[in-house]
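Engineer: Take a look at the following structure, please.
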Amino acid sequence: MSGTYKATGITLKSIPFGESDRLLTILTPEVGLVRAIAPSARKHQSRLRGRSGIFVVNELLLSKGRSLDKVLQADSLGSFPKLSQNLGKLTAGQYLAELALCQALSQQPQAELFTLLREHLERLERCLPEATPAFLVHGIFHLLALEGIAPQVRTCGLTQTPLHPVLSDTSWQVGFDPSIGGAFRLEAMEPSPLPPSPNASPSASPNASLDGGRLGETNSAIRPRVRQPKRIYRRLTALQLLLLQQLSEAELLQPDGGLLPAIASEVLGDPQAPVDKAVWLLLERILRQYLQYHLDQTIHSAALIESCF
């Protein structure tokens, strides 16, 4: 690519650069991720001042540079003003933007990522402030699914058998571990014994156990080592797993954060059944740990989510 080119882009990062410029990180459907200088964008009279803000969608004319491109012209196609008017919504929007930045590539078309991110920002724009955690969780799952790394929640990650949560059973639980790829049956995580150590006494009980994950201080020489199961990150209730299973749906939520009546009726047995905000915040933490494990990236905006809600 050389000379000038046109692209439609949404600004995901905008930081001061030099005396009066801004450095923009822009997601475009045509050429993927673009880093470009918006000259004099911090001056009050600049035409680029309002068009170089975060979450502004522009029709851009850019000039190709050696390391950074240059914005020659920007015509605004839209923005998300309600995100900046509410701290929770703004934080959720930045969260999704960071996740998109972890996935986006440069010099390659990113039409699906651009469309999906814009769609979920529009949903955040329209929802009630208290419903923000639910819409954030839905957006996170969809972005992970687009990347091909959504957690496995419909089948056990160890046995590959279907998982059917039972809401009527208050003791029903599964495990969830990013290293396994998602949910798994707790009973599938039985430890398997290893051969005794050379120093072990022949009379040592084959059922000897570990104390807190380490050999006990007494009689440690005669206890066989036991292979420990992979770390269980969290146990999920039937409701929590049911909600995770529904996140793949294209349409899931009403503006107030409630499930669509048809889904609530099918999943919860009541078309008007509410889902507590605390449940959505828990699912956000679960997905955050999962995505940071698989993307090897920290989502900095996520640190503000719990303080916002």
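The values are calculated or read from the model by the stated rules, or taken from the named source; none is laboratory data. Nothing here was measured: the structure is a model prediction, and the numbers come from that model. Every residue, glycine as well, gets a Cβ built from its backbone with ideal geometry; the counts of neighbours run over all protein chains shown.
Engineer: Specify the residue that is surrounded by the most Cβ atoms within 10 Å (Cβ to Cβ); the eligible residues are those in the stretch 105-134 that are over 12 Å from Asn86 (Cβ atoms) and either among the polar types (S, T, N, Q) or not assigned by TED's automatic domain parsing to the domain that holds Asp256 (or both).
Structural biologist: The selected residue is Gln110.
Engineer: Restricting attention to the stretch 24-62, which residues are closer than 18 Å to Phe80 by Cβ, among the aliphatic types (A, V, I, L, M) and assigned to a strand (DSSP E or B)?
Structural biologist: Correct list: Leu24, Ile26, Leu27, Val57, Leu60.
Engineer: With respect to Ser301, is the statement that it is under 22 Å from the mean Cα position of the chain (by Cα) and buried (at least 16 other Cβ atoms within 10 Å of the Cβ) true?
Structural biologist: Answer is yes for this residue.
Engineer: Identify the residue in the stretch 72-117 that is in contact with a helix residue (DSSP H, G or I) (Cβ under 8 Å, 6 or more places away or on another chain), of a type in the set (S, T, N, Q) and over 19 Å from Val137 (Cα atoms) and, among all such residues, is modelled with the lowest pLDDT.
Structural biologist: Checked the stretch 72-117; the qualifying residue modelled with the lowest pLDDT is Ser84.
Engineer: Another question about this same structure. Considering only the stretch 98-110, I want to know if a residue exists there that is free of Cβ contacts under 8 Å to residues at least 60 places away in the same chain and under 26 Å from Gly257 (Cβ atoms).
Structural biologist: no
Engineer: I would also like to ask the following. Return the pair list, or none, for Cβ contacts closer than 6 Å from residues in the stretch 30-44 that are in contact (Cβ under 8 Å) with a residue 12 or more places away in the chain and over 18 Å from Pro16 (Cβ atoms) to residues that are of a type in the set (Gly, Ala, Ser) and part of a strand (DSSP E or B), at least 6 apart or on different chains.
Structural biologist: Pairs that qualify, where the first residue is in contact (Cβ under 8 Å) with a residue 12 or more places away in the chain and over 18 Å from Pro16 (Cβ atoms) and the partner is of a type in the set (Gly, Ala, Ser) and part of a strand (DSSP E or B), are Glu30/Ala7; Val31/Ala7; Gly32/Ser106; Leu33/Ser106.
Engineer: Collect the residues in the stretch 66-87 that are over 31 Å from the mean Cα position of the chain (by Cα) and without any contact (Cβ under 8 Å) to a residue 12 or more places away in the chain, keeping them in residue-number order.
Structural biologist: Arg66
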